[in-house]
Amino acid sequence: MEKIQLLLLGAIFSISTLNVYAGDDDADTKGIRAGWQQSNFYDNGNTDDDNLSSFYVGIFGEKKLIPLLRLGAGLEYNSVGINDKLIDDTRYTRHSLAVPIYAKVKLGPVFALGGAAPNFGLSNKFKLAGEDVSLDDDMKTSTFDVPLYLGLGAKFLMISVEARYHWGTMNLSKADNTNFTQQYFQIGVAVSF
């Protein structure tokens, strides 16, 4: 029940944020973004596993405050996780829905951005040697996290290329004496309209 309430709260917040931009004639841009992502879980800054490569996809809206500064928000699906380097075809994946909120400083075609991406876990999947394994509740990740991120990019006409690095701020592990945080790097393309 708690997961459903968090997901509904996130969806309402995302839709209302995007509607503010969509309904405002001064909105600078709206668009879609997608790309490649590499992620891992870290226990106090260390990991024993290989990175998981996956993708992300989402929508966004930005509002120009002054010529150099824009504020943006969006809704984005992604999956983070690990590949076990000791057992072939073994991976743990956390699928989530994020609400990135950011400030962007733009100088000509180049921009820097930073913000937070509160995300809500949708599901956890564990594959051991190629076989799906069901997880007990204490082996699943927590439902909510607020990664902070920084990024750089460039925009040419209506196409932007951007790279962002996210640092999870909350412990995703439900097990005692374990502190797993997510970190992930994204590189992708955004199309504005």
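In segment 28-187, with Lys and Arg counted as +1 and Asp and Glu as -1 at Cβ, which of these residues, Leu113, Leu148, Asn177, has the Cα nearest the positive end of the dipole, that is, farthest along it?
Going by the Cα projections, it comes out as Leu113.
Beyond 23 Å between alpha-carbons counts as too far, so tell me which of Lys104/Lys174; Lys30/Lys125; Lys64/Lys155; Lys127/Lys174 fall in that bin.
Lys104/Lys174; Lys30/Lys125
To the nearest 20 Debye, how big is the dipole of segment 87-165 about its Cα centre, given +1 on the beta carbon of each Lys and Arg and -1 on that of each Asp and Glu?
640 debye
Going by amide H atoms built from the backbone, whose H comes under 5 Å of the H on Lys174, apart from near neighbours?
Ser142
Using only Cα atoms, find the angle between the long axis of helix 2-22 and the longest principal axis of the chain, and express it within 0 to 90 degrees, rounded to the nearest 10.
20 degrees
Report the calculated FRET efficiency for Ala116 and Asp88 (r = Cβ-Cβ distance, R0 = 45 Å), to the nearest 0.05.
E(calc), rounded to 0.05, equals 0.80.
Taking the chain as a Gaussian network, Cα atoms linked when under 10 Å apart, which of Asn119, Asn78, Asn177 shows the biggest mean-square fluctuation?
Asn177
Name the long-range amide H neighbours of Ser123: under 5 Å, sequence gap of 5 or more, or other chain; modelled H, no Pro or chain starts.
Amide H neighbours of Ser123: His95.
Per the 1.4 Å probe, what fraction of the accessible area of the chain, in percent, lies on carbon and sulfur atoms?
Carbon with sulfur: 63 percent of the solvent-accessible area.
How much solvent-accessible surface does Met139 expose, in Å² to the nearest 10, with a 1.4 Å probe and all protein chains in place?
Only protein atoms counted, so the area is about 110 Å².
Once phi is turned into θ = phi - 60°, what whole-Hz ³J(HN,Hα) does the Karplus curve with 6.51, -1.76 and 1.60 give for every residue of segment 104-113, x standing for Gly and Pro?
For segment 104-113, the Karplus curve yields 10, 9, 10, 10, x, x, 9, 9, 10, 9 Hz.
Quote the charge dipole size of segment 121-193 about the Cα centre in Debye, to the nearest 20; the model charges only the Cβ of Lys and Arg (+1) and of Asp and Glu (-1).
Roughly 400 debye for segment 121-193.
Using +1 on the beta carbon of Lys and Arg, -1 on that of Asp and Glu, and nothing else charged, what's the dipole of the chain about the Cα centre, debye to 20?
Result for the chain is approximately 860 debye, rounded to the nearest 20.
Among Gly35, Gly58, Gly108, determine the one that fluctuates most according to a GNM of the chain built with springs between C-alpha atoms less than 10 Å apart.
Judging by the Gaussian network model, the answer is Gly108.
Based on DSSP H runs of at least 4 residues, each adding -39500 (n - 2.57), what is the mean residue ellipticity at 222 nm of the chain after dividing by all its residues, to the nearest 500 deg cm²/dmol?
Value at 222 nm, helices only: -4000 deg cm²/dmol.
Please report, largest first and rounded to whole Å, the three semi-axes of the ellipsoid equivalent to the chain, where each semi-axis is the square root of five times an eigenvalue of the C-alpha gyration tensor.
The three semi-axes for the chain are 32, 18, 14 Å.
The values are calculated or read from the model by the stated rules, or taken from the named source; none is laboratory data. Predicted model, so just to flag it, every value in this text is computed and none were measured. Because the Cβ atoms are built from the backbone with ideal geometry, glycine has one as well, and the counts that use them run over all protein chains shown. Note: areas computed on protein heavy atoms with side chains; ligands, DNA, RNA excluded. Shrake-Rupley method; radii C 1.70, N 1.55, O 1.52, S 1.80 Å.
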